[in-house]
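Each remark here refers to the structure printed beneath this line.
The values are calculated or read from the model by the stated rules, or taken from the named source; none is laboratory data. The shown structure was predicted, so the numbers you read here are calculated from the model rather than taken from an experiment. Here the Cβ is made from the backbone with ideal geometry for all residues, glycine too, and neighbour counts use every protein chain on show. Please note that ligands, DNA and RNA were not included when accessible areas were found on the heavy atoms of the full protein model with its side chains. Shrake-Rupley method; radii C 1.70, N 1.55, O 1.52, S 1.80 Å.
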Amino acid sequence: MAQLDRVLRSNIKLRHLQLLVALDQFRHLGRTSEFLSVSQPAVSRMLTEIEAMLGQVLFLRSTRGTEPTQAGKAMVRFARSVLAQYERTRDEIGALESGAVGRVRVGAMGVALSPLLADAVVLLKQQSTRATVLIETGDLTNLLPKLRLGEVDLFVGRLEPGYASPDLTTEALYAEPMVAVVAPGHPLARRRKPDWAQVAATPCVMPPPWASLRVKLEQQFHRHGVQPPEDVVETSSYLGVSVFVRRRGAVGFMAQSAAREFEQSGLLSVLRLRVDLELPSVGIIALREVTPTPVATQLIHCLRQAASRRRPAAR
């Protein structure tokens, strides 16, 4: 244990950590060497060097590629965390030196991307034009690990209660209902009161099976006495919803505010269908023990300001 502690504190270099992350990403020595712009023998030597220092096999090599061992997975998590903190500190100090305000990295669900985050970024840019906002989209399953590793500074999206944890802070901003959408000119768009049986008989774009929203939508069909649709495409991406809704003549589901923006752009039509779901609020998740950078703090204030301006959309 003492040797391991000494290696992690003193012997491991940034280049070692970068190698481990690249190997985990590409799972292949050749592709890793291309990414790092070094020879494949150099990659092999560096990996052997790290394993010798730790006294552990980190990656199993085969003709098909490389696969991390349990020790390797632990070291990759460590490497990602250290590199994320390095980049965060580098950006913050570089911003101070250049007179810029730095960069904030945000993990965002589609429900928060537009208009909440879009409005907040506009507010931020009005105050600090040189601030940079890096946005990575996804769901809680993909983005919370990045938050914990420091690869994003905060998460904006639905505050699913199942993901509550002592190491996280949550701040609810507002409630955001769901609506059903179709392509402009779709037969259901012309109906004054489309019903769930008509939706069930139409191809649908639904959230993935593991999403809590999928279960709640299927319950809606059962509640109205019909089986959920059998002709389904699954995606959590609003872009994916809009594409398949228009290409397949399908019905999709998305947050009301995002749907209204698609509708105003002429890309989708919101159905006059009551989608009565109990949904978690949209809000902010951050790490409890991490002090946000000045630009992250500034964006959080802008998110609160943008949320306070929101009013329930009237049909």
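Numbers below:
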| read-out | value |
| --- | --- |
| Count of residues meeting criterion [polar (S, T, N, Q) and modelled with pLDDT of 95 or more] in the stretch 192-218 | 2 |
| Index of the failed condition, F221 passing every other in (1) at pLDDT below 95; (2) out of contact with any strand residue (DSSP E or B) (no Cβ under 8 Å at 6 or more places or on another chain); (3) farther than 19 Å from A118 by Cα | (1) |
| Number of the condition not met by R304 [criteria: (1) touching an Asp or Glu at 6+ places or on another chain (Cβ under 9 Å); (2) under 12 Å from A180 (Cα atoms)] | (2) |
| Verdict on V232 being over 30 Å from P166 (Cβ atoms), in the same structural domain as H186 (by the TED database), within 19 Å of the chain's Cα centre (by Cα) and among the aliphatic types (A, V, I, L, M) | no |
| Selection within the stretch 10-48 - of a type outside the set (A, V, I, L, M, F, W, C) and closer than 14 Å to G72 by Cα | H16, Q18, D24, Q25, R27, T48 |
| Candidate set: the stretch 206-244, residues that are aromatic (F, W, Y) and more than 21 Å from T141 (Cβ to Cβ); chosen: the one least open to solvent (accessible area, probe 1.4 Å) | F221 |
| Those residues of the stretch 1-37 which are closer than 19 Å to L83 by Cβ, modelled with pLDDT under 70 and open to solvent by 90 Å² or more (accessible area, probe 1.4 Å), in sequence order | R9 |
| Residues located in the stretch 172-202, provided they are open to solvent by 30 Å² or more (accessible area, probe 1.4 Å) and in contact with a Lys or Arg (Cβ under 8 Å, 6 or more places away or on another chain) | L173, R191, R192, K193, Q198 |
| Counted residues, the stretch 245-260 - those being open to solvent by less than 20 Å² (accessible area, probe 1.4 Å) and not hydrophobic (A, V, I, L, M, F, W, C) | 2 |
| Filtered residues of the stretch 163-202 (kept if closer than 28 Å to R310 by Cα and assigned to a helix (DSSP H, G or I)) | Y163, A189 |
| Residues of the stretch 261-301 satisfying the condition of being of a type outside the set (A, V, I, L, M), under 25 Å from P203 (Cβ atoms) and open to solvent by less than 40 Å² (accessible area, probe 1.4 Å) | S269 |
| Hits in the stretch 61-76 (condition: closer than 16 Å to L19 by Cβ and out of contact with any Leu (no Cβ under 7 Å at 6 or more places or on another chain)) | R61, G65, K73, A74 |
| Residue match in the stretch 86-101 (condition: among the acidic types (D, E) and farther than 30 Å from R15 by Cβ) | no |
| Count of the stretch 59-81 residues which are under 19 Å from G150 (Cα atoms) and surrounded by fewer than 19 Cβ atoms within 10 Å (Cβ to Cβ) | 5 |
| Residue that is farthest from A286 (Cα to Cα) [pool: residues in the stretch 114-148 that are crowded, with 19+ Cβ neighbours inside 10 Å and modelled with pLDDT under 90] | A131 |
| The listed residue being farther than 27 Å from L134 by Cβ and modelled with pLDDT under 95, out of D276, D231 | D276 |
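Let's see how each residue does on (1) free of Cβ contacts under 8 Å to residues at least 24 places away in the same chain; (2) hydroxyl-bearing (S, T, Y); (3) touching an Asp or Glu at 6+ places or on another chain (Cβ under 8 Å); (4) in the same structural domain as F155 (by the TED database):
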position: L36; (1), (2), (3), (4): yes, no, no, no
position: Q40; (1), (2), (3), (4): yes, no, no, no
position: S44; (1), (2), (3), (4): yes, yes, no, no
position: Q56; (1), (2), (3), (4): yes, no, no, no
position: L60; (1), (2), (3), (4): yes, no, yes, no
position: E67; (1), (2), (3), (4): no, no, no, no
position: A74; (1), (2), (3), (4): yes, no, no, no
position: P115; (1), (2), (3), (4): no, no, yes, yes
position: V121; (1), (2), (3), (4): no, no, no, yes
